[in-house]
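The values are calculated or read from the model by the stated rules, or taken from the named source; none is laboratory data. Predicted, not measured: the structure shown is a model, and the values here were computed from it. We place every Cβ from the backbone using ideal geometry, glycine too, and count neighbours over all the protein chains shown.
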Amino acid sequence: MVRNKMSGLYNLLMLTICGSIIVGINSQKYLSVNGTSLYLNGEKVFLSGVNQAWYMYGDDFGNNGYTRSKPRLMNTLDAIKSNGGNSIRMWVHISGGRTPLFNSSGHVISPGPNTTRDLLDYVREAKKRNILVTLSLWNGAVMDPKYPVYKMIQNESILQTYIQNALIPIVRVLKNENSMAIWEIINEPEGAMQMEVENKTVPCYDTSSIRWWDFADWTEQKITLQHYLRFIGQQAIAIHTEDPKALVTVGSWTYRSVTSAIDRRNFYSDYCLQYANNGNMKARLDLYQIHTYDTFHIYLPHDPFMIDASVYKFDRPIIIGEFSQKKGGFFTIGEQFRHAYYHGYNGALSWSAIDSGATVIFLVCLWWY
């Protein structure tokens, strides 16, 4: 989601509609995928929770930021736990302005002071509360050429130094934490992606299925899909190599860029990610994540809260990674959570704990099928 306000007070009104027994993560194995379902300790599971996103934008981990952020981050984890939730989505580097650590030539030399320590502490705090963590590394919804992430997407040399000197060390530290559930490479890359590009020679780089009226590339940075597929694929390869059981995804802005149904094309198919990364089979997403908000106060006919997940014809799990009541097409937050659960989605996380001056209403419950 594109936002200008970075912090603020919020209230959380929790609504719980089930009386599930919460099994401690201490006794559970790692989140895994089997077909189109998510499993934990042999049980099908529905991820239900909220986006923290951030407390201090891009400065929650590393340097001295976590000391200031931790009390507020723990408040959100406590609220989720006390209301039966099992999942949170947290952003990490975002634009790269604070972490990782770059040298004078613009290459990455480390995760940044205290970054791995802080991330480990956060994931372990989530574990104490039986909460599964999705870490979203980068943000494509707000993009500018001066941002380190913009340069990293465009420059493979910089990307490789991030992978070797920051990403792999972070994954190595967190891979044995069973509350570390999903690695999200980037949030809403479509916000800075060049659209309406027809490429019959290399169809994987074709974005003509997104039309001007879909309102993508709102940052007007026009980064090519080829660059994004390399950026996403190289990080997925590194994560799957360091931790073969790890789950990797992308936070797509809508269903429009991840389904090949409904006259659309899946930009992030295994075939295209591997085509852009020398055929490496570790360049893949293990599950899909889509975001959805209303358009002029209504959901459009193929938005997820209007249809069953089967309409998208996905071959792996699909979670709704962002939605809200304020932009929920006149549906209550409870109605949206219920729809996600009963219509074939594998999780739903509402936006968000940092929604300034607003009451964020969300439904959290650990669902066992």
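When the residues of segment 225-277 are filtered to those that are among the hydroxyl-bearing types (Ser, Thr, Tyr) and buried (at least 20 other Cβ atoms within 10 Å of the Cβ), which remaining residue is nearest to residue 132 (Cα to Cα)?
249
Step by step: first the residues of segment 201-224, then only those that are among the hydroxyl-bearing types (Ser, Thr, Tyr) and surrounded by fewer than 17 Cβ atoms within 10 Å (Cβ to Cβ), then the one that is farthest from residue 251 (Cα to Cα). Which residue is that?
Filtering first and then ranking leaves 201.
Out of the residues in segment 246-272 that are aromatic (Phe, Trp, Tyr) and touching a residue at least 40 places away in the same chain (Cβ under 8 Å), which is farthest from residue 208 (Cα to Cα)? It would help to see each step written out before you state the result.
Keep residues of segment 246-272 that are aromatic (Phe, Trp, Tyr), which gives 253, 255, 267-268, 271.
Applying the additional criterion that residues be touching a residue at least 40 places away in the same chain (Cβ under 8 Å) yields 253, 255, 267, 271.
Values: 253: 16, 255: 15, 267: 11, 271: 18 Å.
Going through the qualifying residues, I end up with 271.
Condition test on residue 196, is it on the phi > 0 side of the Ramachandran plot and without any contact (Cβ under 8 Å) to a residue 24 or more places away in the chain?
yes
Can you work out which of the residues in segment 43-97 that are small (Gly, Ala, Ser) and assigned to a strand (DSSP E or B) is nearest to residue 166 (Cα to Cα)?
Here the residue is 53.
Restricting to segment 128-173, name every residue that is small (Gly, Ala, Ser) and over 28 Å from residue 254 (Cβ atoms).
Within segment 128-173, 157, 166 meet the criteria.
Filter segment 339-369 down to the residues that are under 17 Å from residue 91 (Cα atoms) and of a type in the set (A, V, I, L, M), then identify the one that is modelled with the lowest pLDDT.
354
For residue 122, indicate whether it is touching a residue at least 24 places away in the same chain (Cβ under 8 Å), assigned to a loop (DSSP other than H, G, I, E, B) and among the aromatic types (Phe, Trp, Tyr).
Considered against the rule, which asks whether it is touching a residue at least 24 places away in the same chain (Cβ under 8 Å), assigned to a loop (DSSP other than H, G, I, E, B) and among the aromatic types (Phe, Trp, Tyr), residue 122 comes out as no.
Could you tell me how many of the residues in segment 14-55 are closer than 18 Å to residue 74 by Cβ and modelled with pLDDT of 95 or more?
Of the residues in that region, 7 qualify.
From the list 256, 265, 230, exactly one residue is modelled with pLDDT of 95 or more, within 21 Å of residue 200 (Cβ to Cβ) and in a loop (DSSP other than H, G, I, E, B). Which is it?
Checking each option against the conditions leaves just 265.
Would you pick out the residues in segment 26-79 that are crowded, with 20+ Cβ neighbours inside 10 Å, over 17 Å from the mean Cα position of the chain (by Cα) and at positive phi?
Matches in segment 26-79: 62 only.
For every residue, the table says whether it meets (1) in contact with a Ser or Thr (Cβ under 6 Å, 6 or more places away or on another chain); (2) among the basic types (Lys, Arg); (3) under 17 Å from residue 156 (Cβ atoms).
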position: 195; (1), (2), (3): yes, no, no
position: 198; (1), (2), (3): yes, no, no
position: 203; (1), (2), (3): no, no, no
position: 209; (1), (2), (3): no, no, no
position: 216; (1), (2), (3): no, no, no
position: 223; (1), (2), (3): no, no, yes
position: 233; (1), (2), (3): no, no, yes
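Which ones in segment 282-339 are closer than 24 Å to residue 268 by Cβ, in contact (Cβ under 8 Å) with a residue 40 or more places away in the chain and assigned to a helix (DSSP H, G or I)?
304, 311, 312
From the list 284, 338, which residue is surrounded by fewer than 21 Cβ atoms within 10 Å (Cβ to Cβ), under 16 Å from the mean Cα position of the chain (by Cα) and not small (Gly, Ala, Ser)?
One residue alone meets the criteria, 284.
Could you tell me whether any residue of segment 178-196 is more than 19 Å from the chain's Cα centre (by Cα), modelled with pLDDT of 95 or more and assigned to a helix (DSSP H, G or I)?
No, segment 178-196 has no match at all.
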